[in-house]
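Working notes, beginning with the structure itself.
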Amino acid sequence: MNSRTIELSGHVIDSLTLPKALDIIMDKGGDFDFLEFDVGKRKTDISKVKMAVYAESIDLLNSILDELSVLGASISELKEVELVASSKDKVAPEGFYSTSNHTTHILYKGNWIVVENIEMDCLICVDEKNSRASVKPIAEIKAGDMIVVGRDGIKVTPPQRSREKSGTFEFMNSDVSSEKPLMNLIRGIAKEIKEIKSKGGKIAIVGGPAIVHTGSGKYLAALIREGYIDSLLAGNALATHDIESNIFGTSLGIEVETGEIIAHGHTHHMRAINKINRSGSIKQAVEDGTLTGGIMYECIKKDIPYVLAGSIRDDGPLPDVITDTAESQKLMRKQAQEVDMVIMIATMLHSIAMGNLLPSKVKSICVDINPATVTKLSDRGSAQVVSIVTDIGTFLPLLYESLHESD
């Protein structure tokens with residue numbers, strides 16, 4: 001049997017990290033022995049586990065170690081990372097290490113150095129001259145880049161579950177249910193927002209067009225105007241229907257305030273796009289008086305960055321929409337590394353995209369009427385996300401009210 005010794009440390013029992021590790025080993029056909037087991041007895045204590053992992057083949061063992069590393073398992077034997085140069089652009093060496101979204105360090109020249117801009121499903125590239133490590137998506141790898149291969153010299157640190165019962169953000173506490181105490185969650189989120197802003201932190205919104213359809217656009221616009229939101233990441237639909245609602249008073253041809261169907265209202269979103277095209281951009285439409293209110297208007301007025309990532313189903317699209325998906329991903333990636341909290345609202349496509357780019361240390365909320373959206377986020381590795389299954393038309397007004405409640 002092939003074997004390696006691994007270590008786990010932290011609140012590995014409370015957070016179910018240890019049971020998950022054992023499940024991975026046994027489900028994949030491996031075996032294990034406990035070598036050391038030190039259980040923390042107080043809330044401030046951490047537990048430490050050292051165990052031998054066995055498998056019949058090297059490939060199977062490596063596969064098990066890959067999955068265990070996502071839970072924070074590290075190889076006990078202290079060996080430095082192995083670096084291999086990329087042979088050509090967009091091609092990584094065989095056996096390259098694929099990152100998780102958790103804080104990661106590598107052992108390089110005798111020092112543990114942090115991997116900068118951590119993100120899942122990327123490669124670790126080492127700048128040998130400056131002894132720095134950072135992640136790169138495979139599409140940005142250049143010939144000659146020194147890439148980490150294998151599993152030696154890598155330490156992953158997942159967020160630890162809070163041992164305080166009152167915490168809104170508790171790692172691995174993102175079970176999907178529409179029966180959670182909604183008001184308590186929203187008040188907790190409002191409190192976190194205030195704390196982040198009081199420390200100079202940044203908050204991003206990832207939004208879908210249902211924000212406008214449900215009549216909640218005015219609340220998001222107000223949050224932007226009042227300085228709670230520092231960046232917006234969305235698609236053509238949110239911006240188009242926001243602009244439609246502020247020029248024509250409709251969204252998808254339905255009057256936003258009354259819910260009445262307007263004759264020929266189904267053409268309004270195209271007419272809205274046409275007006276912005278005539279101005280040249282959303283910013284120019286604000287400057288020339290075509291656009292006088294709404295979410296995009298407040299983004300321009302507050303000079304907050306926004307990324308409108310295009311898709312093949314877009315009407316128009318608006319001139320500000322980025323139709324090159326690789327370029328829009330780069331801009332979203334930049335925002336993901338600069339924020340302290342992300343609130344993802346009513347958009348499966350953009351929520352999952354942003355979830356893939358986020359470090360696990362970023363506080364994240366996903367709000368959607370469809371449980372499948374938050375389930376997909378969790379299944380793809382974004383376990384830090386607090387999930388709220390509810391109507392966005394309920395969530396945003398309540399969040400706005402909670403932010404304005406006196407302490």
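Listing for the model above:
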{"item": "Sulfur and carbon atoms: percent of accessible area, the chain [1.4 Å]", "result": "48 percent"}
{"item": "Integer Hz, Karplus 6.51/-1.76/1.60 couplings in order for region 36-46, x for Gly and Pro", "result": "9, 8, 10, 8, x, 9, 10, 4, 7, 7, 10"}
{"item": "Most mobile of Pro305, Pro137, Pro19 in a GNM of the chain (Cα contacts under 10 Å)", "result": "Pro19"}
{"item": "26 Å Cα-Cα reach of Lys275 towards lysines, excluding residues that sit fewer than 8 places from it in its own chain", "result": "Lys218, Lys283, Lys301, Lys302"}
{"item": "Cα centre as origin, Lys/Arg/Asp/Glu Cβ charges: region 1-76 dipole, Debye", "result": "400 debye"}
{"item": "Solvent-accessible area per residue, Å², over region 175-311 with all protein chains present [probe radius 1.4 Å]", "result": "45 Å²"}
{"item": "Interchain or long-range residues, amide H under 5 Å from Val12's placed H", "result": "Ser47"}
{"item": "The chain: most fluctuating residue of Thr44, Thr17, Thr290 per GNM, C-alpha cutoff 10 Å", "result": "Thr44"}
{"item": "Rounded to the nearest 10 Å², the accessible area of Met270 at probe 1.4 Å", "result": "90 Å²"}
{"item": "Average accessible area per residue (Å²) across region 1-58 - probe 1.4 Å, nucleic acids and ligands excluded", "result": "59 Å²"}
{"item": "GNM flexibility winner over the chain from Lys194, Lys202, Lys43 (Cα, springs under 10 Å)", "result": "Lys43"}
{"item": "Accessible area (Å², per residue) of region 78-160, counting only protein heavy atoms and a probe of 1.4 Å", "result": "49 Å²"}
{"item": "Subset of Lys48/Lys191; Lys50/Lys142; Lys41/Lys363; Lys50/Lys330; Lys136/Lys361; Lys109/Lys136 violating a 30 Å alpha-carbon distance limit", "result": "Lys48/Lys191; Lys50/Lys142; Lys50/Lys330"}
{"item": "Within the chain, longest stretch clear of exposed GluC sites (Glu not before Pro) (DSSP loop, no more than 14 other Cβ within 10 Å)", "result": "261-404"}
{"item": "Values of log10 I(q)/I(0), in the order q = 0.13 Å⁻¹, for region 78-160 under a Debye, Cα-only, solvent-free model", "result": "-0.34"}
{"item": "Phi-based couplings in Hz for region 227-235 (Karplus 6.51, -1.76, 1.60; Gly and Pro marked x)", "result": "x, 7, 10, 10, 7, 10, 10, 7, x"}
{"item": "Calculated [θ] (222 nm, deg cm²/dmol) that DSSP helices of n ≥ 4 give over the chain, each run adding -39,500 (n - 2.57)", "result": "-10000 deg cm²/dmol"}
{"item": "Note, ³J(HN,Hα) from phi for region 189-198, Karplus 6.51, -1.76, 1.60, rounded to Hz, x at Gly and Pro", "result": "5, 4, 5, 5, 4, 4, 5, 4, 5, 5"}
{"item": "Antiparallel %, DSSP beta bridges [both residues in region 78-134], to 5", "result": "80 percent"}
{"item": "Angle in degrees between helix 348-357 and the longest Cα principal axis of the chain, rounded to the nearest 10", "result": "40 degrees"}
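The values are calculated or read from the model by the stated rules, or taken from the named source; none is laboratory data. None of the values given here were measured: they were computed from a predicted structure. As a convention, Cβ positions derive from the backbone with ideal geometry for all residues, glycine included, and neighbour counts pool all protein chains shown. Remember, those area values only see protein heavy atoms, side chains included, never the ligands or the DNA or RNA. Shrake-Rupley method; radii C 1.70, N 1.55, O 1.52, S 1.80 Å.
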